[in-house]
Each structure stands twice: as structure tokens, then as C-alpha cells.
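See structure below.
The values are calculated or read from the model by the stated rules, or taken from the named source; none is laboratory data. The structure presented is a predicted model; accordingly, all values stated were derived computationally and were not measured. Quick reminder, even Gly has a Cβ in these numbers, built from the backbone with ideal geometry, and neighbours come from all protein chains shown.
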Amino acid sequence: MSDRTGDSGRLELAVSTPEEFDRVVSQALPVLLERARNYTKRFMRETGQWCDDTAHEKFTLRWSAEYVERFILCGRSEVPCRPLFLLDSFVAKQHSQPDPFCYHPNLLTPLGRFLDGLVARAVISRDALIALYHHCYGMGPRDVIAVTGLNDSESQRVYKNFQRWRDSGWRRTMNEIGLTDAELDELIGHQERHPQRLNHEAEQIIRLAQSHYRKSEPDHYPCLLRSQWEEMFSEGYGCDYRLWHLVLCMDCVQTAWDLGCNGAITGDKPRVELHVRP
Amino acid sequence: MEEERDLSEYRARLLNGLEVGARRSACDSSDSIQVFVNERRAGQLDGRGTDATFQLYNDTRINNVQLRSEDGVLLGGLSGPEYGFRTSRIQLSRDAVELRIHNTAQGGSANVVFMPAPHRWRWLWQTFSGTADTAIGGRAAAVVPGIRIIALTQALLAIIVLGLAADRITAWLTPERTPPTGTQAEAPWAAPLVEVAKLEQQLGDLARMQAKTAHTVQSQQQGMAQLQLAIAKLSSTQETVASGMQAIKLEMEKRKKGGGRETTHMTRLLMSKAQMEQEQLEAQIHSLTVANEQMAKEMAALAQHNQELEKKLRSAEPDVSKASVLDRDHPVIAQEVEVSQQPPRSQIAEAGGNAQAFLFWVNFSEGTTQESIAQWVSEMHGSRGVVNEGWQEVRVMKPPIPTDRFLEQIRGAQIVKAVRVTR
């Protein structure tokens, strides 16, 4: 407790250089995380989104850690400043936005946390974005390349993304979401016993998460008509758009699924087939 | 308890992640870096040279720029100032990225430059492959000769070292070794030793030259980096000036239009006011004209009725004189004749003296407008009196037809619902 008081006291003092900021902040990470967590919890209480359970606690911790991480790296350029109060303003600014995070009661079940965590990660990680094709639709690298109509250079990158996700990305994401091995095993067991029911539940949650996170990229937000997708595929432009939008929009991936590879894809339209492990 | 332990472990994992920071990324230097502006993915930076710089112009203020690896780890960031410039250099293991944000009232711009670490073999490779420029962010034209010199000296050094090594190995592998006996003639390896010493001296000279060249290249690199900074500053200053000029231009146009617009607006107001007054006058004139015409019509009608009544009076006078002559002889009969010849009092009152009109009451149909009523009364050459319980009093100069027939004619009018002669 006295350490925390001491850390908090140092954080209240003004720092004048980035190095000093780094030093003070690195020594007080638990204090910063706790402070951000309290603010996030208060925000959720005041907006009627709070419930006293482990899932909500983990939800606030997850987003608080995100805030603190961004604060650590961006706050050092705000010197001279008082780090503690700079954090307050940083968190308040995040919460002043209309939808600072994607919240829904269905997203706090183990399945909801798994899918919300994956889609949230896909917004900032290309590895997770590519891996989402696998976790939602059971696609491998070749299927992803076929559905999105990627060229050779982009195709190589897809294999690398898949590999890195399998090696380290998935595990780190599960740790940062807060899903325990027991919860993951329970999910996998549920999938084996009732695959159709789980896929149906997953589809509803995926649509919920997709509609929120698609707004994070306004340029790629609009859904296109099949004729517009045809043009994009045939002209060969909008590689990024295809890759990003198709995995974050179930309707569009079913509209444009056969436009890649000049119609050489066989099989049915993509449907939700949840895969928990990479 | 288990939940609390679970939460504690989760908190500890998150804190560990915060402490490790960017080092938890599994990406290497060959992977691209994602650039996020205002927490939205804006582009990518490729350290291999194809996308070594990134620029963005925004209509709104740039609050922050963040760099993330392909696996989503936050590598660095910079908060944008309210107004003005802010720069930061982010070290990524051996490479570096320079961030620059410039915010003005018209919006913001972000520059991101990838600066890979100088690598000896990379120089050599790029020199021989002709891609030296891409090693230092595309502006290494002045450094190429220095790089080439270093590359050549390094190649020469390598060849010499290999030659020496081969020579030494050969010497060691020679089976018989005779110790030197003193004279140069009896020591056949003395000459190679001299040559080796010369070579060693040359190697030393080469090494010194290489060190000097490396120092020169380093100082040139620093100069280039400063030049880059200066160019970036200059370009952003230029942008500021250009945007300022544009703002001034817009302001001037706005003021011109505003001034002209105000004058036009005032003129339009005055004109519309004048038009309104003119229209009002015209309406008044029109109404007066209409009233005048109506009065003229009524007067004409009254004059005509007067004439008719005079005619009737004249025609009635001989009868009255005849009646007075008969009275002397048959007063009773005369009276009866007078009585029989006299019209009913109401009719006399109405027709008598040529000054009284026929009075009756009309109930008009529902929905009949006042204009219709007025027009009908006007056509009747009459005038309206009071309205009592929905009955309109009307006075007309009744034509010389029986009253019942006249009332029948009135009832025949479309707007008339009912007629009576008493209130």
C-alpha cells in the first residue's frame, strides 16, 4: 500500500523529459492500471453496462490495459506534464466517444469474449485479420487467397500471417482477452457436442461484433453490391479493401465469395463454422 | 476464491505485457509496420525500401499517430499538439522511425519515415546491386561514392586476408621446417617474411583508410539525416504558408461576396417592400373601382325603377279621377271600387310613392359565400339588410308581376334555400 501511495505521489509530480516520464511511469504500472480500471468501471456503471461478475471485471481490465499501453507510448510526447492527470484526461477522452468499446451482454459469455477479442484484435493486427477467416469460416490460407483474389506477393504474406498467428499470436490474444484454458476447453467441448447450435450462436455474436468494429475504418466500412465487387476483382484493385471488409462482413463474403480465382472456387458459400484453435 | 485468483492472474499477465511492451512482438525487421492515425489504420511502412515513408493530410486535427507490428503490438506513438509541430524518434531494435505531426486550423498532416540501421553487408549488397539509394531513405546520392570506396576496400581487405591465411596454412602444412641459420641465403623464407611484413603494413594502412572512410560516411549520414529533417520542416512550412494563403484567399472572396451579397439583399428588401405597397394600392384601387361600378349599377337600377313607378303612377291617375267622379253618385260603390282597386297595403307600401322596395327574407343554402350572395343581390338590383337567425333581409324593386310569382322566381335561384315575406 505504501509503495502504491509512493508511486501515486511521484505520478502527481510534474515530469519534464520523455526519459523521466518513462522512468516514472514504468515504476507505477499497477497504479496506472488500477486507476484506469476504476474510471472504466465507473463509466460502465454510469452507462448502465455494469454487472458484478468476473466477466465484467475482466472486460474493464482488458480495456484499461489498452488505455494504459497507449498512454505509455503517446504520453511521453506530452511532456512537461503530470503523468497521473494526463492519464485521467486520456481515459476521459476515450470514454467521451460515443462507442469507446463494443459492449453487449452476449459478448461477455466465453464464446462472446472469444469472438469479441478476436475481432477487436483483427482491427489492429493483420495476423488476426487473416486468422479470422479460419476461426469464423474454417478457411485455410489457400481459401483466403482464393476468396479475396490476392496476387502472388500478397499471397506469400498470408502464409506468413497464418504461421505467426499459429506460433504466438493466438496464445497471446487468448491471454490478453482473459480466457483461461478451462474456458477454451469448455468451448471446444461444446463445439464437438453441439456444433450447429454453437455455430448459430457464434453467427449472431459475430454479426454484432463485425458491425461495431467495421466502423473503425470508415474507408472500408461501406458494403458493396455484387457488381461493384465484380469490378474490384476483375480490375484487380482494392486488395486491402477486399481483405479487410470481407472478413468483417458476413453478407459481403457470401455475396463475393466466388468472384476470386475467376470462378474456380468449388464448394458452397462460406458459412459460420467456428474454430476455437488456430 | 478461484475467481479472485483468476482475476489476479489476469491482472498480472496484463501488467507483464505492459512491462514487456513492444518486445513481445514476434515480427522481424522484414515485416511491415502498420500506421494508425487517430486510432484508424491509415497505411503501412515497409522498411525494405518500397514504402519507407508515409504521409497523410487530414481535414481535421491529428490527435495521435501509432505504429503497430503486423501481429498487433503497439510499437510506438506520438500525440499531436493542439497547434504546431511535434516530432518523435522511435527506436525499433536497431531501426528507427521518425514521426512528425503538424496541426493547423485547417487540419493536420503526419509524416512517418522509416530509418533502417546501417548494415555493413547491406551496403555492400546494395552497392553492387545498384540499390544503394534505398538504404538511407532514398536520398543517399551523395553518399554512394563513399560507400563504394568502403565496399571496395573491404573487398580488397577480405581478399588480402584470405591470401594471407592461405599462405600461413600452406606454410604450416609444409612437413620440414629448418630453423634459420643466420644468413639470408640459407633462409629461403626470409623474403616471404619481408613481403608479409609489407603486406601487413599495407593492411594496416588499408584498415586506417577504412576507418577514416567509415567516419566520413557516418558524418555524411548524419548530414543527410539533418538534411532530411530540414527538408521535412521546409515542406511543412511551405504547406503552412500555402494553406495560410488559401485561407486568406477564401476569406477575401467571402468578404467580397458577403459585401456584394449584403447590398443585393438590401436592394431586394427595398424592392420587395415597394412592390408590396404597390400591390396594396392596386388592390385598394381595384376594390374602389368595383364598389364604384356596383354603385353605378345600383343607381341605374334605381333610376329605372323610378321611371317604372312614375309610369305606373301616371297610369293610376286617370283611374283615380274616374273613381272620384263616380263617388258623387255612388259613394258606397266608389269606396268599394276604391277598396277593390287598391292593392294590398303591403304592396302599396312597397310599390307606393315609387320609394319603397319589396322586402323579403331569404335563407341561403349551406356553403354559399358572401360574394355569391352579394352578386345575387346585385343581379336582383337590390340591397341587403340585417341578418336574423340565418335569414337575410333583402330589399328589391319588385317587377310588375304578382308577388307569388316573384317569390317563386326567387326560390328558383340556386343559392336560395327558402324565402318568406315576414320575419
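Some points to look at:
- Close pairs from segment A:122-136: first within 12 Å of another protein chain (Cβ to nearest Cβ), partner acidic (Asp, Glu) and not in a helix (DSSP H, G or I), Cβ under 6 Å, at least 6 apart: A:Ser125/B:Asp71; A:Arg126/B:Glu70; A:Asp127/B:Glu70; A:Asp127/B:Asp71
- Residue satisfying all of: in segment A:214-230; of a type outside the set (Gly, Ala, Ser) and touching a residue at least 60 places away in the same chain (Cβ under 8 Å); farthest from B:Ala42 (Cα to Cα) among these: A:Lys215
- Condition met for A:Arg35 (crowded, with 20+ Cβ neighbours inside 10 Å and within 23 Å of B:Ser8 (Cβ to Cβ)): yes
- Screening segment A:20-60 for residues that are in contact with a Phe, Trp or Tyr (Cβ under 8 Å, 6 or more places away or on another chain) and among the polar types (S, T, N, Q) and picking the one that is farthest from the other protein chains (Cβ to nearest Cβ) gives A:Gln49.
- For the condition in a helix (DSSP H, G or I) and either within 23 Å of A:Met174 (Cα to Cα) or touching an Asp or Glu at 6+ places or on another chain (Cβ under 7 Å) (or both), A:Leu11 does not qualify.
- Output for segment B:35-47, where each listed residue is more than 7 Å from chain A (Cβ to nearest Cβ) and outside any loop (DSSP other than H, G, I, E, B): B:Val35, B:Phe36, B:Val37, B:Ala42, B:Gly43, B:Gln44, B:Leu45, B:Asp46
- Which listed residue, of B:Ala12, B:Ala52, B:Ala26, is in contact (Cβ under 8 Å) with a residue 60 or more places away in the chain, of a type in the set (Gly, Ala, Ser) and either more than 9 Å from chain A (Cβ to nearest Cβ) or in contact with a Ser or Thr (Cβ under 9 Å, 6 or more places away or on another chain) (or both): B:Ala52
- In the set (1) within 14 Å of chain B (Cβ to nearest Cβ); (2) free of Cβ contacts under 8 Å to residues at least 40 places away in the same chain; (3) surrounded by fewer than 19 Cβ atoms within 10 Å (Cβ to Cβ), A:Glu154 fails one condition alone, (2).
- Every condition in (1) more than 17 Å from the chain's Cα centre (by Cα); (2) not in a helix (DSSP H, G or I) holds for A:Asp143 except the one numbered (2).
- Residue within segment A:181-197 that is more than 13 Å from chain B (Cβ to nearest Cβ) and under 21 Å from A:Asp251 (Cβ atoms) present: yes
- Selection within segment A:68-96 - in contact (Cβ under 8 Å) with a residue 12 or more places away in the chain, within 23 Å of the chain's Cα centre (by Cα) and away from every other protein chain (no Cβ under 11 Å): A:Leu87, A:Val91, A:Ala92, A:His95
- Residue match in segment A:229-239 (condition: surrounded by fewer than 20 Cβ atoms within 10 Å (Cβ to Cβ) and either under 25 Å from the mean Cα position of the chain (by Cα) or not assigned by TED's automatic domain parsing to the domain that holds A:Met174 (or both)): yes
- Some residue of segment A:103-113 being out of contact with any Leu (no Cβ under 7 Å at 6 or more places or on another chain) and loosely packed, with under 15 Cβ neighbours inside 10 Å: yes
- Some residue of segment A:197-213 being in contact (Cβ under 8 Å) with a residue 24 or more places away in the chain, touching a Lys or Arg at 6+ places or on another chain (Cβ under 8 Å), buried (at least 20 other Cβ atoms within 10 Å of the Cβ) and in a helix (DSSP H, G or I): no
- Condition check for A:Ile177: under 19 Å from A:Phe59 (Cβ atoms) and away from chain B (no Cβ under 13 Å): no
- Residue count for segment B:375-423, restricted to those that are small (Gly, Ala, Ser) and closer than 24 Å to B:Glu293 by Cβ: 5
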